[in-house]
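Participant: Let me give you the structure first, and then I'll get to my questions.
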Amino acid sequence: MRFSVTKNTSLFRYQLDRSKLFEGSWPIKDGVSVNAYLVRGSEKTVLIDYVEEGASFDEELKEMGLTVDDIDILVLNHMEPDHTGGLRDFFARRPDIPVYCTKVASLEVLSLYGKKDAHVIKPMEELELGGATLVFVPAPNVHWPDTMVTYYKEEGILFSCDAFGSFGETESVYDTELSEAEKKLLETETERYYANIVAPFSSFVLKAIDSLKALDIKMICPSHGIIYKGDVARIVSWYSRLASYAQGPQEKEITLLLSSMYGNTKSMADALSERAEARGVKVHVVRIPDDGFSVLLEKAWRSAALVVAAPTYERNMFPEAVYAMDLLCRKGVKGRKSMHFGSSLWSGGAAAEYRALAEKMGLDVVDAIDYRGAGSEADREKILAAFDKILEELN
Ligand code: FEO
């Protein structure tokens, strides 16, 4: 679909298939858009970013009385194939189109799509389109090393690529027109997108936000999600906060990763949730694998404490809980206050495996407790005592 953003800037918005997994990993049951932008100067027309394999923006161009032959320059902020997969077909039709991108991206254009001689931008290089000037600002590792953002000087528009993006499909195009339901959706979908996609690159996000302070940004046009024009500062500050969770402090909340086969671990977890609720501390209970690793990442990323409630399974920790901890580690969920407990029967083993994983993650471990069967009153008291230490730390 096409939307006019300013008199010479258009949004081309494409919705990904909700039944598929984003990056082959992350559920998008509430959808996600891929956004590209067309900027028309009096002399040149530029397309900023593209779309996935099997899709094109031919219809959007046609609505404007244009074809791919009317695009003078293709700017590629980032090469991940959600934005570039369709280029194989595009380049077949426009083999000689000039491509502007970073040095790293130029190598990827070649290796992915066989396109040589991309123009490698210099930091803050300007491209004059006739009454419209685009400025290229490298933003490495937001999300890949190839990434840059593009600034439209006269209009104060930042084409920010993955930065400031979100999951979640909305009818609204701008932050100023969101319904209450859409606002609610984006509250979680923005954080889930950040934790799933951008979180490991948080130090680079903070650097990029710092370097963008020199620009007078009136509107942010990301490559996923809505356009921010009403309160640009809000999304910048939100992303800064999300990036700051990498080093902390995080929110005074607890994520409780719960895996339970027959309820003997869940019943103990329920006691902890009740204790936290009584003390006014928010607990995000995420059942693994039922609720999904994507949601676990979202909740754990913002939480200052991680409680792992997982039983022993064949002498080790419940396998999905092991994978969950490994994933949290890979995504940079580190340094949180933490504990483990879980039911076992003919042997323990989960606590020892938890401790090994927790050390890798740099978690501040209070205790790790395997207990037999449903657990005794003494087991319950020991687990609650460990949990109380975490609650004290959060208060
Ligand atoms: Fe939306 Fe990193 O691509």
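Participant: Which residue fluctuates most in the GNM of the chain (Cα springs below 10 Å): V99, V295, V366?
Facilitator: Of V99, V295, V366, the most mobile in the Gaussian network model is V366.
Participant: What distance in nm separates the two pseudo spin-label positions at S111 and F3, each 7 Å out from Cα along the beta-carbon direction?
Facilitator: Once both label points are built, they end up 3.5 nm from each other.
Participant: If you don't mind, another one. With θ set to phi - 60° and the Karplus curve 6.51 cos²θ - 1.76 cosθ + 1.60, what are the ³J(HN,Hα) couplings of the range 86-98 in order, to the nearest whole Hz, using x for Gly and Pro?
Facilitator: x, 5, 4, 6, 4, 5, 5, 8, 10, x, 9, 5, x
Participant: Further, regarding this structure: Which percent of Cα pairs goes in each bin when the distances of the range 78-132 are cut into 5 angstrom slices starting at zero?
Facilitator: 4, 19, 27, 24, 15, 10, 2
Participant: Over the range 251-294, what portion of Cα pair distances is larger than 11 Å, expressed as a whole percent?
Facilitator: That tail contains 66 percent of the Cα-Cα pairs.
Participant: With N residues in the chain, what two-decimal value do you get for its Cα radius of gyration over 2.2 N^0.38 Å?
Facilitator: Against the compact-globule rule of thumb, the ratio is 1.12.
Participant: Under 5 Å between amide hydrogens, which residues at least 5 positions from V285 or on another chain qualify, with H placed 1.01 Å from N in the peptide plane?
Facilitator: Residues meeting the criterion, in which the H sits 1.01 Å from N, are L256.
Participant: Cross-link partners among lysines for K207, C-alpha distance below 22 Å, same-chain residues fewer than 8 apart left out?
Facilitator: K103, K122, K153, K218, K331, K334
Participant: Non-local amide H neighbours of E253 (under 5 Å, H modeled in plane, Pro and chain starts lacking H): which ones?
Facilitator: When sequence neighbours closer than 5 places are left aside, the close amide H contacts are A304, A305.
Participant: Something else about it: State, as an integer percentage, the relative contact order of the chain based on alpha-carbon contacts under 8 Å between residues 6 or more apart.
Facilitator: For the chain, the relative contact order is 10 percent.
Participant: Another one. How much net charge surrounds V99 when only the other residues with a Cβ under 13 Å from the Cβ of V99 are counted, with Lys and Arg +1 and Asp and Glu -1?
Facilitator: Counting the neighbours of V99, the net charge comes to -2.
Participant: In the Gaussian network model of the chain, springs joining C-alpha atoms below 10 Å, which of T84, T133, T67 carries the largest mean-square fluctuation?
Facilitator: Of T84, T133, T67, the Gaussian network model singles out T67 as fluctuating most.
Participant: Shifting gears a bit: How long is the gain from E23 to D270 if the chain were fully straight, where each residue apart is worth 0.36 nm and the alpha carbon distance is subtracted?
Facilitator: Gain on stretching E23 to D270: 85.5 nm.
Participant: How big is the equivalent ellipsoid of the range 201-333 along its three axes, where each semi-axis is √(5λ) from the Cα gyration tensor, reported in whole Å from largest to smallest?
Facilitator: Here the semi-axes work out to 35, 16, 13 Å.
Participant: Now for a different question. When only Cα pairs under 8 Å and 6 or more residues apart are kept, what is the percent relative contact order across the range 209-290?
Facilitator: Here the relative contact order equals 24 percent.
Participant: Check H340: other-chain or 5+ apart residues with amide H under 5 Å from its amide H, H built from backbone geometry?
Facilitator: Residues meeting the amide H criterion: V308, D367, A368, I369.
Participant: Something else now. Report the relative contact order of the range 254-394, percent, no decimals, based on alpha-carbon pairs under 8 angstrom and at least 6 residues apart.
Facilitator: With pairs under 8 Å counted, the relative contact order is 25 percent.
Values quoted throughout were computed directly from the atomic coordinates according to the rules given, and no laboratory measurement underlies them. Fair warning: this is a prediction, and the values are worked out from it, not measured in the lab. Heads up, the Cβs are rebuilt from the backbone with ideal geometry, glycines too, and the neighbour counts pull from every protein chain shown.
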